[in-house]
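Everything below concerns the one structure shown next.
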Amino acid sequence: MNGFQICKYLWAGVYALWLVWALRTKPARIKETIISRLSHVLPVVAAFILMFTRYAGNSWLWAQVFPDELWVNLLGILLTFAGLAFAFWARVRLGGNWSSSVTVKVGHELVRTGPYRWVRHPIYSGLVLAMSGTAMANGEVRGVIAVVLVFIGFTIKSRIEERAMIDTFGAEYEDYRRSTGGILPKLH
């Protein structure tokens with residue numbers, strides 16, 4: 001088993017857990033439109049297809065950009081695990097407020113503890129880090145492109161969420177925005 005296969009198993013485990021957790025959330029009070037949802041889901045889905053599937057034939061997408069060496073694979077596994085663990089921690093802290101789409105829940109709470117102390121969107125932060133680690137273990141151009149697509153998708157989604165949180169929490173959320181980073185931590 002190589003590093004990329006281990007990363008795939010890590011992703012599959014988190015995905016399965018995420019599906020089970022999706023059943024235990026608060027009901028939505030406000031939901032995003034289908035166009036809004038597609039604006040961030042399409043780049044993320046394209047990234048996962050690019051990273052985790054391989055079509056027959058040769059392609060420049062499979063050109064090696066990271067050496068197939070033990071230390072690169074181990075670092076890739078470590079970053080994948082760390083990113084998924086960070087996202088997992090954020091998901092636990094968010095509890096019933098979580099949704100796969102941009103929503104405002106009934107009784108929605110502004111969570112500012114745990115990983116939310118450092119970034120407003122730590123699930124996205126963790127998933128981008130995990131995708132970066134998986135790209136290292138994959139070693140190919142397609143992995144690097146997948147990281148860029150995931151970052152773009154989550155940046156779009158975070159901006160949509162920011163508007164919903166400002167509408168919901170007003171000045172409290174504006175204060176939170178000033179003191180923390182979005183997907184990347186704010187350097188003070």
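The values are calculated or read from the model by the stated rules, or taken from the named source; none is laboratory data. Just so it is clear, the structure is predicted and the values come from calculations on it, not from any experiment. Here the Cβ positions follow ideal geometry from the backbone for every residue, glycine too, while neighbour counts run over all protein chains shown. Keep in mind that these areas ignore ligands, DNA and RNA; they rest on the heavy atoms of the full protein, side chains included. Shrake-Rupley method; radii C 1.70, N 1.55, O 1.52, S 1.80 Å.
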| said: Can you say whether F154 is touching a residue at least 40 places away in the same chain (Cβ under 8 Å), open to solvent by less than 50 Å² (accessible area, probe 1.4 Å) and either in a helix (DSSP H, G or I) or touching a strand residue (DSSP E or B) at 6+ places or on another chain (Cβ under 6 Å) (or both), as far as the supplied structure shows? | reply: yes
| request: Write out, first by first residue and then by second, each pair whose Cβ atoms fall under 6 Å of each other, whose residues are 6+ apart or on separate chains, and whose first residue, in the stretch 1-30, is open to solvent by 80 Å² or more (accessible area, probe 1.4 Å) while the second is at pLDDT 90 or above and of a type in the set (S, T, Y). | output: none
| query | If you check every pair at least six apart or on different chains, which have Cβ atoms under 6 Å apart with a residue in the stretch 93-109 that is part of a loop (DSSP other than H, G, I, E, B) first and a residue that is crowded, with 16+ Cβ neighbours inside 10 Å and of a type in the set (A, V, I, L, M, F, W, C) second? | reply | V102/I160; V102/A164
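Residue by residue, here is whether (1) under 16 Å from T134 (Cβ atoms); (2) assigned to a loop (DSSP other than H, G, I, E, B); (3) open to solvent by less than 50 Å² (accessible area, probe 1.4 Å) holds:
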site	(1), (2), (3)
F48	yes, no, no
L61	yes, no, yes
G76	yes, no, yes
A90	no, no, yes
| field | Condition met for F81 (open to solvent by 20 Å² or more (accessible area, probe 1.4 Å), in contact with a Pro (Cβ under 8 Å, 6 or more places away or on another chain) and assigned to a helix (DSSP H, G or I)) | value | no
| Filter result for the condition that a residue is in a loop (DSSP other than H, G, I, E, B), of a type outside the set (G, A, S) and either at pLDDT below 90 or under 18 Å from G153 (Cβ atoms) (or both), over R54, R37, R29 | R54
| Given (1) closer than 29 Å to R159 by Cα; (2) modelled with pLDDT of 90 or more; (3) open to solvent by 40 Å² or more (accessible area, probe 1.4 Å), number of the condition V44 does not satisfy | (3)
| query | Among all residue pairs at least 6 apart or on different chains, which show Cβ distances below 8 Å where the first residue, located in the stretch 37-58, is closer than 15 Å to V102 by Cα and the second is at pLDDT below 95 and not charged (D, E, K, R)? | reply | R37/S101; R37/V102
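Over 17 Å from V45 (Cβ atoms), open to solvent by 10 Å² or more (accessible area, probe 1.4 Å) and not small (G, A, S): which single residue out of V119, V147, V141, V128 fits that description?
V141
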| query | Residue check: is I183 in contact with a helix residue (DSSP H, G or I) (Cβ under 6 Å, 6 or more places away or on another chain), under 30 Å from F66 (Cβ atoms) and not in a helix (DSSP H, G or I)? | reply | yes
